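Accompanying notes for the structure given below.
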Amino acid sequence: MSICVADVPNIPGLESIRFRAGFQGASAQIRWPYVAENESISPWIMGGELIFVTGINHTRDEKNLIQLIEEGYRAQVSGFVILTGHEFIKKIPASVLKKANDLSIPILEQPYNLKMVLVTEILSNTLVQDRLMGQSLRLFLSRLVNSFTEAPELVELRARELGIHADESMVSVCLRSRVATQMADNKWLAERLRIEHWLESRLPDRGVNLPILNEGQDWLIFWPAIHGQFPEMIADLEALLESLTKQFPQCTFQVGVSNSFHHLSKISEAAEQARKALSLTQLYQNEPICRYDQIGIAQLFSQISNRKLLLEFCQDQLQSLCFCESSQSLELKRTLRCYLDYSGSSKKAAEHIGIHRNTLSQRIKKLEQLLDKDLNNPLQRLNLQNALIIECILIPAKSTDTAHKEC
């Protein structure tokens, strides 16, 4: 699934194309071919393109080729194919190959006698066929995730037709991204496309062979889970998140992880577990990953079908703070959550939040007045702690931007 740069020389008809540099980026997936016809490519690319540089319409000297490599690196293109021959670009300069190696940007070399019209036709057809297969697989997985019930035998039959194993052990991973500052809708959409392309190019290296499912503001990833190696899998997931955060520093990422499942017929249940775990990540401020098997009493609350009962309890305990996302309300709820997590220790809560103890005391007094609660009462503290958990379970999916409901 998904054509990467390393596959290009192995595609029938393209065997004369050679890999020259940037081998570390060989697994980068190709979204579409693009022929560079201007001095700069920045205005015309979005990320994931395989850039063909011919030198026909614009003179490509050593300086310009390095410029293109740097622009491609910033835009996260999949790689470059540079055409060489007697007429235009005679050979790829060593400095260009070094720059590609330094930036892990793949460079392929194509002889001029291999016609561009043939190359783009073969590559485009390969990408389209691969995409159609991927869409069929995505549709199949989407039907299973959205509870279109099929007998396990039928699931296995369809899985074999699509070339996948129905009985592989996996977990569902629900990934959410948020931006730290306001961003226009079109820019945020482009950023999400770049994030998705980045994930698609890196996940196969971690054994993730099923396509990502886009669920609006979240992505569902089906991660292999080898029995007895759950800690290693979580460590690998943490490493991926760290790389993702470095690549997209303007975003924050949170993850919910399901229990392992051993057949695709269980994928809907696992996806729901991952979503529930994701909804509780805000309870763990310093932990971007929340596992369903560690959410404790929240599992019980999430199984209560009478949502009205949960809602009434939540509103009774949190009063006007319930579901309120104004900056002041979020600050008060974060203070309350931290204070309760530290069993009413003002010193530890203040240190964790990073505020003076007097400031914390003022907030606690305000909370007691607002909620009409005595935070020295252990039963009332327990009720409030449960209400904060229930709010996370009940809260509807929010937009990925920072817009808040004013209260």
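The values are calculated or read from the model by the stated rules, or taken from the named source; none is laboratory data. Worth saying up front: this structure is predicted, and the values here are computed from it rather than measured. Here the Cβ is made from the backbone with ideal geometry for all residues, glycine too, and neighbour counts use every protein chain on show.
For this structure, a couple of remarks:
- When region 105-163 is filtered for residues that are modelled with pLDDT of 85 or more and in a loop (DSSP other than H, G, I, E, B), the ones remaining, listed by number, are 105, 106, 112, 113, 114, 115.
- Pick from region 210-239, criterion out of contact with any strand residue (DSSP E or B) (no Cβ under 9 Å at 6 or more places or on another chain) and assigned to a helix (DSSP H, G or I), ranking: farthest from residue 165 (Cα to Cα): 239
- Selection within region 1-59: residues that are exposed (fewer than 15 other Cβ atoms within 10 Å of the Cβ), of a type in the set (S, T, N, Q) and under 17 Å from residue 119 (Cα atoms). The member of this set that is modelled with the highest pLDDT is 16.
- As for region 379-394, it holds no residue that is assigned to a loop (DSSP other than H, G, I, E, B) and modelled with pLDDT under 90.
- From the options 114, 108, residue that is within 20 Å of residue 15 (Cα to Cα), over 31 Å from the mean Cα position of the chain (by Cα) and among the aliphatic types (A, V, I, L, M): 114
- Across region 49-69, not a single residue is classified as closer than 27 Å to residue 203 by Cα and part of a loop (DSSP other than H, G, I, E, B).
- All positions within region 70-96 that are without any contact (Cβ under 8 Å) to a residue 12 or more places away in the chain, under 18 Å from residue 19 (Cβ atoms) and either touching a Lys or Arg at 6+ places or on another chain (Cβ under 6 Å) or in a loop (DSSP other than H, G, I, E, B) (or both): 91
- Applying the condition of being surrounded by fewer than 17 Cβ atoms within 10 Å (Cβ to Cβ) and not charged (D, E, K, R) to region 325-339 and asking which residue is modelled with the highest pLDDT yields 328.
- Subset of region 287-300 that is part of a helix (DSSP H, G or I) and surrounded by 20 or more Cβ atoms within 10 Å (Cβ to Cβ) - its residue that is modelled with the highest pLDDT: 292
- Subset of region 246-280 [outside any helix (DSSP H, G or I) and either farther than 27 Å from residue 190 by Cα or basic (Lys, Arg) (or both)]: 258, 259, 260, 261, 262, 263, 280
- For residue 243: the one exception among (1) surrounded by fewer than 17 Cβ atoms within 10 Å (Cβ to Cβ); (2) of a type in the set (Ser, Thr, Tyr); (3) modelled with pLDDT under 85; (4) in a helix (DSSP H, G or I): (3)
- Matching entry among 88, 52 (being assigned by TED's automatic domain parsing to the domain that holds residue 24, closer than 20 Å to residue 3 by Cβ and not basic (Lys, Arg)): 52
- Just one of the numbered conditions (1) among the aromatic types (Phe, Trp, Tyr); (2) in contact with a Gly (Cβ under 6 Å, 6 or more places away or on another chain); (3) within 18 Å of residue 104 (Cα to Cα) is not true of residue 23: (2).
- Some residue of region 155-164 being under 20 Å from the mean Cα position of the chain (by Cα) and not β-branched (Val, Ile, Thr): no
- Residue within region 305-317 that is at pLDDT below 85 and either of a type in the set (D, E, K, R) or surrounded by 13 or more Cβ atoms within 10 Å (Cβ to Cβ) (or both) present: yes
- For region 117-157, the candidate set comprises residues that are more than 15 Å from residue 11 (Cβ to Cβ) and small (Gly, Ala, Ser); within that set, the residue that is surrounded by the fewest Cβ atoms within 10 Å (Cβ to Cβ) is 151.
- Filter pass, residue 291 being of a type in the set (Lys, Arg) and outside the structural domain of residue 277 (by TED's automatic domain parsing): no
- Region 11-24 residues that are more than 25 Å from residue 205 (Cβ to Cβ), paired with ones that are surrounded by fewer than 13 Cβ atoms within 10 Å (Cβ to Cβ) (beta carbon under 8 Å, 6 or more apart): 13/118; 16/111
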